[in-house]
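**Student:** Starting off with a structure, shown below.
No value in this document is a laboratory result; all are computed from the given coordinates. Note that the structure is predicted; figures quoted are calculated from it, not measured. Neighbour counts are summed over all protein chains in view; Cβ atoms, including those assigned to glycine, are modelled from backbone coordinates with ideal geometry.
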Amino acid sequence: MKLFLGVPVLSVAVYFLASSAVEAPTGFDTKSNGIVDDPTHVADQTKFDEVEQISDGLGPLYNAQSCRECHQNPISGGGSQIGELRVGHRGPGGKFENPEIPINRGAEVIKGRSLINDRAICPNAASPGTEIQERVPDSEHIRTFRVSVNLLGDGFVEAVSDQTFVDLAKDQCKKSHNKICGQVLYVPVVEAPGQTAVGRFGWKDQQASLLSFSADAYLNEMGITSRLQPDEVTNLCNTAPEPNDKPGTDGLSDIDHFARFVRATKAPPRDAQLAGTPKAKQGAGLFSKIGCAECHIETMPSPVPTS
């Protein structure tokens, strides 16, 4: 893992078809990193960039109409300048609790999620009296905006073994004399019921695989249900049959294409010119001196090849 001005950028060695590990390819382009051929990668990107409509299952509550809308800087799969609103409040004992968001003039309450969606598909001509736009109640005093994270190179993150993350956390703790101890979070693998793995995707590392992540984002960001996330946040104004995301002629659903697209993206390249400036060099020295590099390591151990 290389450091780009203090930000961890994956540059792990990963096994594709060859038996020996190679440095992860980098670049801001539409070429595959080698896990699939370029035409397949372009086709998957087309799905990633596709603008969804209400007839496709968009909504009822949503933030965007395509994956690219929140992941496109500087190319599809990249970062974002779009902020998402997360809210909540402190319950008994000071613990954070998710909000209760009334919609349809209080006739329904949305619970169990901190995300406040920006958009809604109604009121509309078919449901002129149904008002479902989410608004933050005065009771929710904790409010913050979070930007959508970069996805480029996340296939290399997925390739890292769970044990590697466990070992890294232990090593951090040992090197810092118990001052910096990474926490390993085990979460359900949605496509493998009953199984858990180390969380590594999502704003709280709440997803263990890119397929789980894709299904979660499809539901919560675009309101589109899938085989992994079959239940809408609300059924008000919902007219598209469930699940919205159905397999195409190739047998793959959109979430399968999304996950494969991200897996085949290259890691963001290091800006060598910027990294060579005196200020960047000074920052890199401070970054290591104060212990940041104990968590944001420069090189990730190679994953063990599997048969």
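**Student:** For residue 289, go through the lysines and keep the ones whose alpha-carbon is under 23 Å away, minus same-chain ones fewer than eight residues off.
**Tutor:** Leaving aside lysines fewer than 8 places away in the same chain, those within reach of residue 289 are 2, 170, 174, 175, 179, 279, 281.
**Student:** Between helix 254-263 and the chain, what is the angle of the helix's C-alpha long axis to the longest principal axis, kept within 0 to 90° and rounded to the nearest 10?
**Tutor:** Roughly 20 degrees between the two axes.
**Student:** Kindly provide the helix-only [θ] at 222 nm of the chain, computed as the sum of -39,500 (n - 2.57) over DSSP H runs of four or more divided by all residues, to the nearest 500 deg cm²/dmol?
**Tutor:** Using -39500 (n - 2.57) per qualifying helix, the result is -7000 deg cm²/dmol.
**Student:** List the lysines whose Cα lies under 24 Å from the Cα of residue 246, skipping any in the same chain that are fewer than 8 positions away.
**Tutor:** 47
**Student:** Please arrange 218, 186, 62 by counting, for each residue, the other beta carbons lying within 10 Å of its beta carbon, fewest first.
**Tutor:** 186, 62, 218
**Student:** I would also like to ask the following. May I ask for the distance between the Cα centers of the stretch 106-131 and the stretch 225-271, given as a whole number of Å?
**Tutor:** Cα centroid of the stretch 106-131 versus Cα centroid of the stretch 225-271: 22 Å apart.
**Student:** Moving to a separate point now. Going by how many other beta carbons lie within 10 Å of each one, how would you line up 189, 147, 233, fewest first?
**Tutor:** 147, 189, 233
**Student:** If only Cα atoms are counted, what is the Rg of the stretch 2-294, and what is its Dmax, in Å?
**Tutor:** 20.9, 63
**Student:** From the C-alpha coordinates alone, can you work out the Kirkwood hydrodynamic radius of the stretch 50-96, in Å?
**Tutor:** Every distinct Cα pair counted, the radius reaches 13.2 Å.
**Student:** Any chance you could give the angle, 0 to 90 degrees and rounded to 10, that helix 38-49 forms with the longest Cα principal axis of the chain?
**Tutor:** 40
**Student:** Using the Karplus curve 6.51 cos²θ - 1.76 cosθ + 1.60 with θ = phi - 60°, what ³J(HN,Hα) values do you get for each residue of the stretch 86-98, in whole Hz, with x for Gly and Pro?
**Tutor:** Karplus-based 3J(HN,Hα) across the stretch 86-98 equals 10, 9, x, 8, 8, x, x, x, x, 6, 5, 10, 5 Hz.
**Student:** Ranked by Cβ crowding within 10 angstrom, fewest neighbours first, how are 165, 261, 287 ordered?
**Tutor:** Ranked by crowding around the Cβ, least crowded first: 287, 165, 261.
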